[in-house]
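> Here's a structure for you.
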Amino acid sequence: MKEILSYTAEQLKEYIEEIGYETYRAGIVFSWLHQKQVTTFDAMSNLPKQLRNTLQQDTYIDTLTTQAVVESKDGTVKYLFKLSDGNLIESVALFYRKKLTVCISSQVGCARNCSFCASAIGGLVRNLTPAEMLLQVYAVAADRHQRVSGVVLMGIGEPLDNFCNVMAFCDIICDENGLNLSQRAITISTSGVADRIEQLAEKNLKYNLSVSLHAANNALRSRLMPINDIYDLNRLMTSCQGYLEKTNRRITFEYAVNQGINDSVKDARDIYRLLKGMNAHINLIPLNDIEGSGVTATTRKVALSFKDKLQALSLNTTVRRTLGDDIDAACGQLRRRVQDETDKERLE
Ligand code: SAH
């Protein structure tokens, strides 16, 4: 059976035509699914009964269930969702000037194995479907009773390792019969999959690109992020330059400040060498600790002091607000905690 929420508007049109109906019906089905977000075909009251029956026999509408909701003192809300096959993923509701941005996962687990990231623990389980990404956004918006203003793909997973599904997800969420978000309201964050950055550039879309840099020399970056052995800084920066030339969109470089590891004056100079003259913005994140992993948190104060070093070199830098650090809001941390607890229960 086909999962119908994952169809882009174009694919849905083709399908509706294939089963013998006029293509305009596709727009109606699409808006039932993505605007009204109904969970049964019976609810699609303005469709012919026969079409509803065919949809019912041929396809299904995926769902997810909420396993845990944890609210931070700063208003950030973290969700643990269970997918229909039982896998767990996380999403976060973030509020910037009261507007809701939803941070979603793109994979169950992650293959990229960054040393400081909780998502890597346990490796990659599988890619999420477009439906499973959409359902995270819809569930958070429904729970908050609020319109979604932005989506960031900064939860569990490497979005560019799930390229086709992520592209379909973005397409659906920007569709006028869907949430109708503008492309500029979507941010894709990557650990640096250079050939996919090039592929994304070719599409010439307006999505924001965020690149997780974390180190500006190859020796250190390879130590923190194994992906650097596949796409080194030279290769990564070539793909970023290409993206800038093609799209004219500023790139954000994420840099988790790890005290004593990547926050020296030399590190600042390495960043300068890499990004000088580029239409780039550096977003410093005080590193979150991951229990039991040997990764210890970096204070905001340390991040601010590294910011001064970068600003002295005239680099465009901000320190990200550490939203929700009291609720394990960094990538994969809540899933990890709940899984650990479930494993413990199983052992007891
Ligand atoms: N795989 C993608 C998106 C998910 S991670 C990527 O790498 O960009 C989203 C951001 O959180 C990335 O910049 C990631 O490096 C960062 N991150 C992961 N673990 C962290 C931690 N313990 N503390 C602070 N930031 C972390």
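> Which residue, chosen from GLY155, GLY192, GLY75, occupies the Cα position most advanced towards the positive end of the dipole of the chain, where the dipole is computed from +1 (Lys, Arg) and -1 (Asp, Glu) charges on Cβ about the Cα centre?
Of the listed residues, the answer is GLY75.
> In degrees, nearest 10, range 0 to 90: what is the angle between the Cα axis of helix 300-311 and the longest Cα principal axis of the chain?
In the chain, helix 300-311 runs at an angle near 80 degrees to the longest axis.
> In whole percent, and with a 1.4 Å probe on the protein chains, what portion of the accessible area of region 164-266 is carbon and sulfur?
42
> Give the lysines whose C-alpha is closer than 24 Å to that of LYS13, dropping any in the same chain fewer than 8 places away, or say none.
By straight Cα distance, LYS13 reaches LYS2, LYS36, LYS49, LYS203.
> Working from Cα positions, state the angle (0 to 90°, nearest 10) between the long axis of helix 163-174 and the longest principal axis of the chain.
70
> Moving on to the next point. Counting other C-beta atoms within 10 Å, and keeping those with at most 13, which DSSP coil trypsin sites (Lys or Arg not before Pro) do you find in region 20-65?
Sites meeting the loop and neighbour criteria: LYS36.
> With a probe of 1.4 Å, find how much accessible area the chain has per residue, and write the answer as a whole number in Å².
Value for the chain: 45 Å² per residue.
> Here is a follow-up. Taking amide H positions as placed 1.01 Å from N in the peptide plane, with prolines and chain starts having none, which residues 5 or more places from GLN67, or on another chain, fall under 5 Å of its amide H?
LEU80, PHE81, LYS82
> Per DSSP H run of n ≥ 4, the term is -39500 (n - 2.57); total these for the chain, divide by its residue number, and report the mean residue ellipticity at 222 nm rounded to 500 deg cm²/dmol.
Computed ellipticity for the chain at 222 nm equals -11500 deg cm²/dmol.
> Taking the Cα centre of the chain as the origin, how large is its charge dipole in debye, to the nearest 20, when only Lys and Arg (+1) and Asp and Glu (-1) carry charge on their Cβ atoms?
Rounded to the nearest 20 debye, it is 1340 debye.
> While we're looking at this one, here's another question. Within region 3-53, which GluC sites (Glu not before Pro) sit in a loop by DSSP and count at most 15 neighbouring Cβ atoms inside 10 Å? Please list the in-between numbers first.
Values: sites: GLU3, GLU10, GLU14, GLU17, GLU18, GLU22; in loops: GLU22.
Those that pass, being in a loop and sparsely packed, are GLU22.
> Angle between the Cα long axis of helix 130-144 and the longest principal axis of the chain, 0 to 90 degrees, nearest 10?
Here the helix axis deviates by roughly 90 degrees.
The values are calculated or read from the model by the stated rules, or taken from the named source; none is laboratory data. What you see is a predicted model, and the numbers here were worked out from it, not measured in a lab. All Cβ positions, glycine included, derive from the backbone under ideal geometry; neighbour counts span all protein chains shown. For accessibility, only protein heavy atoms count, side chains too; no ligands or nucleic acids. Shrake-Rupley method; radii C 1.70, N 1.55, O 1.52, S 1.80 Å.
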